[in-house]
Amino acid sequence: MQARKRMGLSQKQLGIKAGMDEFVASARMNQYERGVHTPDFKTVLALSTVLKVPTAFLFCVEDDLADKILEWSASI
């Protein structure tokens, strides 16, 4: 959610940009963000591309570590 909001995208917009059907994009992204379902790796790759974050960021549980991953990715 942090990366999505940083990009100024709604759940639906992010889902569509990641290749999801527009009719299910919002619901699927909502389920991913709430932890109800987990995206497959192909979807994680698409989301990381749209959000311009490393895939590791999307798997991060700790906020401090997520911040470090973003710092690292900005430096390369």
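Quick note: the coordinates plus some simple rules give every number you see, no bench work behind them. As the structure is a computational prediction, the values presented were derived from the model and not from experiment. Glycine also receives a Cβ, built like all others from the backbone with ideal geometry; neighbour counts cover every protein chain displayed.
Here are the numbers for the structure shown:
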read-out	value
Residue match in segment 49-56 (condition: loosely packed, with under 13 Cβ neighbours inside 10 Å and in a helix (DSSP H, G or I))	no
Failed item, numbered, when K52 is tested on (1) on the phi > 0 side of the Ramachandran plot; (2) in contact with a helix residue (DSSP H, G or I) (Cβ under 7 Å, 6 or more places away or on another chain)	(2)
Single unsatisfied condition, G35 versus (1) surrounded by 14 or more Cβ atoms within 10 Å (Cβ to Cβ); (2) of a type outside the set (S, T, N, Q); (3) on the phi > 0 side of the Ramachandran plot	(1)
Residues of segment 3-23 satisfying the condition of being surrounded by fewer than 13 Cβ atoms within 10 Å (Cβ to Cβ) and either over 23 Å from E62 (Cβ atoms) or touching an Asp or Glu at 6+ places or on another chain (Cβ under 9 Å) (or both)	G8, D21, E22, F23
Any hit, segment 39-46, residues being under 15 Å from M7 (Cβ atoms), without any contact (Cβ under 8 Å) to a residue 12 or more places away in the chain and either touching a Phe, Trp or Tyr at 6+ places or on another chain (Cβ under 7 Å) or surrounded by fewer than 13 Cβ atoms within 10 Å (Cβ to Cβ) (or both)	no
